[in-house]
1. Quick one: in region 66-80, of everything that is more than 11 Å from ligand 1 (Cβ to nearest atom) and outside any helix (DSSP H, G or I), which residue is surrounded by the most Cβ atoms within 10 Å (Cβ to Cβ)?
2. If I go through region 150-169 residue by residue, how many of them are small (Gly, Ala, Ser) and in contact (Cβ under 8 Å) with a residue 40 or more places away in the chain?
3. Can you report the number of residues in region 248-290 which are polar (S, T, N, Q) and over 25 Å from residue 224 (Cα atoms)?
4. Quick one: in region 136-190, of everything that is in contact with a Gly (Cβ under 7 Å, 6 or more places away or on another chain) and of a type outside the set (Val, Ile, Thr), which residue is nearest to residue 213 (Cα to Cα)?
5. Residue pairs, Cβ under 6 Å, 6 or more apart or interchain, first in region 81-101 and touching a residue at least 40 places away in the same chain (Cβ under 8 Å) and part of a helix (DSSP H, G or I), second away from ligand 2 (no atom under 15 Å from the Cβ) and aliphatic (A, V, I, L, M). List them.
6. So if I check each of 331, 347, which one is closer than 21 Å to residue 283 by Cα, out of contact with any strand residue (DSSP E or B) (no Cβ under 9 Å at 6 or more places or on another chain) and surrounded by 17 or more Cβ atoms within 10 Å (Cβ to Cβ)?
7. Among residues belonging to region 237-252 that are surrounded by 21 or more Cβ atoms within 10 Å (Cβ to Cβ) and in contact with a helix residue (DSSP H, G or I) (Cβ under 7 Å, 6 or more places away or on another chain), point out the one that is nearest to residue 323 (Cα to Cα).
8. For region 2-47, which residues satisfy the criterion of being among the charged types (D, E, K, R) and part of a strand (DSSP E or B)?
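The values are calculated or read from the model by the stated rules, or taken from the named source; none is laboratory data. Everything quoted here is computed from the prediction, not taken from an experiment. Virtual Cβ from ideal backbone geometry, glycine too; neighbours counted across all protein chains shown.
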Amino acid sequence: MNIAVLAGDGIGPEIIAQAVRLLDVLKAEGFDIELEYGLIGGSAVDATGEPYPEMTHQLVSRADAVLLGAVGGPQYDVLPRPQRPERGLLAIRKALNLFANLRPAILYPELAKASSLKPDVVAGLDIMIVRELTGDIYFGKPRGIEMRDGQRVGVNTMVYNEAEIQRIAHVAFRTAQKRNRRLCSVDKMNVLECTQLWRDVVEETGKAYPDVKLSHMLVDNAAMQLVRDPKQFDVIVTGNMFGDILSDEASMLTGSIGMLPSASLDSHNKGLYEPIHGSAPDIAGKNVANPLATILSVAMMMRYTFNQEDVAQHIEEAVKKVLVQGLRTSDIASQGMHVLGTREMGDAVLSAF
Ligand code: IPM
Ligand code: MG
């Protein structure tokens, strides 16, 4: 298992350190794990002038999987766009062809009180959002800000071809087959032609999966249904931009963006694994960040890239045990809970493992 580790910015290094301790334990247990470290985001800009330097590209290209912390920070928002940390993230996704982004939103029963929704609305919540990650308005051309008739005009282009829709649809149908066999495809076909094609191609692709119950929903309605009755969903598949928005919304149903991992996969299950939260510069370096989303990202890595389902479950069980014990980082703590720092939470997971 050749794993490239890109800690990134803000709380990235602290949360990655706890995940690496877990990988070290697996290595000591006999797994053939090699870690190589590289730069991405603002820390890469500081060192090389670029958010996704060639050296990092070489490193991640030869790795089987990438473990990433988080990128970004206010000091970088003044840089020209191509040098911003977020561009590093978009570049690595595109360069490695990581078109399938899996974002589970699971509510741990112990954290039901942390959700802003009523416990009975979210109890038992277990949704998987499959977000297309290398197309759509994020990458479409033309793009830019230009002068037209004496005034500035901003342009972006929403574009998908059939092949791009088909391959993400296949991932989504297969994901649904392993779960409760319900797939909801989200689009805006009442207004956008691009997403009419999305709906048509998902529908056609679905003919090969008669065991999966396919439905379609407009994105505005989906945003509403996610807070009204989120448990109606099993797997959601959608494009890059709608997926960006809906996955943040879904994460908050679970009360704790600090708990949610993600996987971004290519067609050979090479993957990039990262917590879905950001770099949280306000708490960086204070040993208060929640490392569980990063630790759970290692579980996803074991499941999807290395086919080690039992190791993945073992990690997830360790996290559950820690929650059952009432141990919390401050972001998920409610009254009467024992609040731990980042490193101490890492300790707790390791001893439960
Ligand atoms: C995400 C983030 C990124 C995105 C940003 C940081 C470029 O919001 O992973 O959801 O929009 O994809
Ligand atoms: Mg986002």
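1. 69
2. Qualifying residue count for the region: 1.
3. 6
4. Looking at the filtered set, the residue picked out is 173.
5. 88/40
6. 331
7. Filtering region 237-252 for residues that are surrounded by 21 or more Cβ atoms within 10 Å (Cβ to Cβ) and in contact with a helix residue (DSSP H, G or I) (Cβ under 7 Å, 6 or more places away or on another chain), the one nearest to residue 323 (Cα to Cα) comes out as 251.
8. 34, 36
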